[in-house]
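**Student:** Just passing along the structure, written as structure tokens.
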Amino acid sequence: MFDRRKMLLWAATTAAIPALCAAAPARAEDAVKIGLILPMTGGQASTGKQIDNAIKLYMQQKGDTVAGKKIEIILKDDAAMPDNTKRLAQELIVNDKVSFIAGFGVTPAALAAAPLATQAKIPEVVMAAGTSIITERSPYIVRTSFTLAQSSTIIGDWAAKNGIKKVATLTSDYAPGNDALNFFKQHFTAGGGEIVEEVKVPLANPDFAPFLQRMKDSKPDAMFVFVPAGQGGNFMKQYAERGLDKSGIKVIGPGDVMDDDLLNNMGDAALGAVTAHLYSAAHPSQMNKDFVAAYKKAFGNRPGFMAVSGYDGIHLIYEALKKTNGNTDGDKLIEAMKGMAWESPRGPISIDPETRDIVQNIYIRKVEKVDGELYNVEFETFNAVKDSGKTKK
Ligand code: PHB
């Protein structure tokens with residue numbers, strides 16, 4: 001039976017289809033793929049989790065379409081092993097045809113991917129690793145995390161100016177630990193300070209106990225500590241068990257050891273630790289308050305500095321795509337990223353157009369109890385700090 005009403009409806013709907021398609025924000029072939037390589041397992045998994053969470057949150061808030069293109073994240077777990085990173089980056093570039101590689105929980109992973117970004121001419125957005133040389137390894141690397149030089153120079157000056165005369169150092173024995181140690185030492189000793197003990201601990205599964213005894217015996221005013229994100233909780237547990245808190249040896253350092261992700265479970269031994277860093281969950285801006293509340297609501301815990309680095313990393317990708325109008329040419333994207341400036345939950349940040357490295361405020365903070373919880377409370381700000389650790393100028 002001929003149903004005229006149905007027929008008219010069908011005709012009207014069919015006519016509307018092309019219009020709908022034109023208005024549709026993105027089709028599958030318009031997708032922009034981002035290869036996200038993170039340590040989701042192993043000792044650095046807290047970094048991977050924070051960055052993955054933050055990217056999910058950002059995309060929830062801003063949508064998954066930019067300049068008419070659908071953003072597709074392809075997450076791969078490299079367990080922070082550079083051989084895995086390299087293999088995964090290669091697969092993502094060759095098989096998945098990603099337009100960006102991003103993430104990189106540790107320096108060796110970021111370095112392993114650098115030649116591939118250069119070859120493929122696609123941006124490598126470093127969202128975690130912190131050794132200064134990284135951005136020099138490829139003109140396609142842009143960093144939204146931090147460098148150890150940014151925080152360690154500042155805490156070195158601060159310690160020398162604030163009555164700390166003797167320091168024992170404990171640093172993770174790989175590239176960012178060496179950056180932290182060297183930049184701290186330069187600034188602390190230039191200000192009149194003395195290093196009385198220096199130990200380096202292995203990156204993988206470190207047992208701090210034997211080193212802590214040496215620290216205690218050297219009777220420093222403070223100990224300078226760099227361990228990568230994820231290890232601070234274990235370090236502070238052993239620090240308290242060995243009674244270093246009771247012997248008045250304060251912890252100072254870059255803020256990695258006091259990562260907000262773990263801080264609240266460290267107990268009162270952490271009280272009074274003074275660190276210099278890019279981010280505190282207690283940063284008093286409205287934007288940060290909103291960020292912390294949204295992150296807590298979505299994932300049940302506080303964001304740390306790795307979460308913020310990931311949140312800013314995906315923002316940089318979104319904004320670069322907006323600027324190129326969805327064009328995924330790597331050179332155009334890198335040009336779009338250079339000099340970009342915005343407000344982050346950590347404060348104002350930008351991408352140095354010469355080095356493609358992040359320029360950000362570094363805050364000096366002290367661990368205090370606020371409403372029954374431990375926080376890094378910021379008390380001094382150094383504005384727009386550039387990385388000072390590059391080999392080339
Ligand atoms: C790094 O491997 O570059 C790294 C990782 C975690 C940190 C800092 C630096 O907290």
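**Student:** Would you be able to tell me the number of residues in region 157-173 that are in a strand (DSSP E or B) and surrounded by 20 or more Cβ atoms within 10 Å (Cβ to Cβ)?
**Tutor:** 6
**Student:** So, in region 99-130, exactly how many residues are open to solvent by less than 10 Å² (accessible area, probe 1.4 Å) and either farther than 26 Å from LEU278 by Cα or at pLDDT below 95 (or both)?
**Tutor:** Residues that pass the stated criteria total 1.
**Student:** Considering each residue of region 30-61, count those that are modelled with pLDDT under 95 and of a type in the set (Phe, Trp, Tyr), and give that number.
**Tutor:** Residues that pass the stated criteria total 0.
**Student:** Which members of region 199-211 meet the condition of being away from the ligand (no atom under 16 Å from the Cβ) and either over 28 Å from the mean Cα position of the chain (by Cα) or surrounded by fewer than 17 Cβ atoms within 10 Å (Cβ to Cβ) (or both)?
**Tutor:** Residues satisfying the conditions are ASP207, ALA209, PRO210.
**Student:** Using beta carbons and a limit of 6 Å, which pairs, at least six apart or on different chains, have the first residue in region 259-288 and β-branched (Val, Ile, Thr) and the second one open to solvent by 10 Å² or more (accessible area, probe 1.4 Å)?
**Tutor:** Within 6 Å, the pairs are VAL274/LYS366.
**Student:** How many residues, within region 199-235, are at pLDDT 95 or above, out of contact with any Lys or Arg (no Cβ under 8 Å at 6 or more places or on another chain) and not in a loop (DSSP other than H, G, I, E, B)?
**Tutor:** 9
**Student:** Tally the residues that are within 21 Å of the chain's Cα centre (by Cα) and either under 16 Å from GLY193 (Cβ atoms) or away from the ligand (no atom under 16 Å from the Cβ) (or both), restricting the search to region 225-264. Outline the logic, then answer.
**Tutor:** Of all residues in region 225-264, those within 21 Å of the chain's Cα centre (by Cα) come to 225-235, 252-264.
Among the residues that remain, those that are also either under 16 Å from GLY193 (Cβ atoms) or away from the ligand (no atom under 16 Å from the Cβ) (or both) are: 225, 252-253, 264.
Residues meeting the conditions: 4.
**Student:** Look at region 131-156 and say how many of its residues are more than 16 Å from the ligand (Cβ to nearest atom) and either closer than 18 Å to SER344 by Cβ or open to solvent by 10 Å² or more (accessible area, probe 1.4 Å) (or both).
**Tutor:** Count: 2.
**Student:** Continuing with this model, one more query. Restricting the search to region 174-198, which residues are in contact with a Leu (Cβ under 7 Å, 6 or more places away or on another chain) and either within 25 Å of LYS161 (Cβ to Cβ) or open to solvent by 70 Å² or more (accessible area, probe 1.4 Å) (or both)?
**Tutor:** Initial filter on region 174-198 (in contact with a Leu (Cβ under 7 Å, 6 or more places away or on another chain)): 174, 176, 179-180, 183.
Those that are in contact with a Leu (Cβ under 7 Å, 6 or more places away or on another chain) and either within 25 Å of LYS161 (Cβ to Cβ) or open to solvent by 70 Å² or more (accessible area, probe 1.4 Å) (or both): PRO176, ASP179, ALA180, PHE183.
The values are calculated or read from the model by the stated rules, or taken from the named source; none is laboratory data. Since this is a predicted model, take the numbers as computed values, not measurements. Cβ sites come from the backbone with ideal geometry, for glycine too, and all protein chains shown count toward neighbours. Heavy atoms of the whole protein, side chains included, go into the accessibility calculation; ligands, DNA and RNA do not. Shrake-Rupley method; radii C 1.70, N 1.55, O 1.52, S 1.80 Å.
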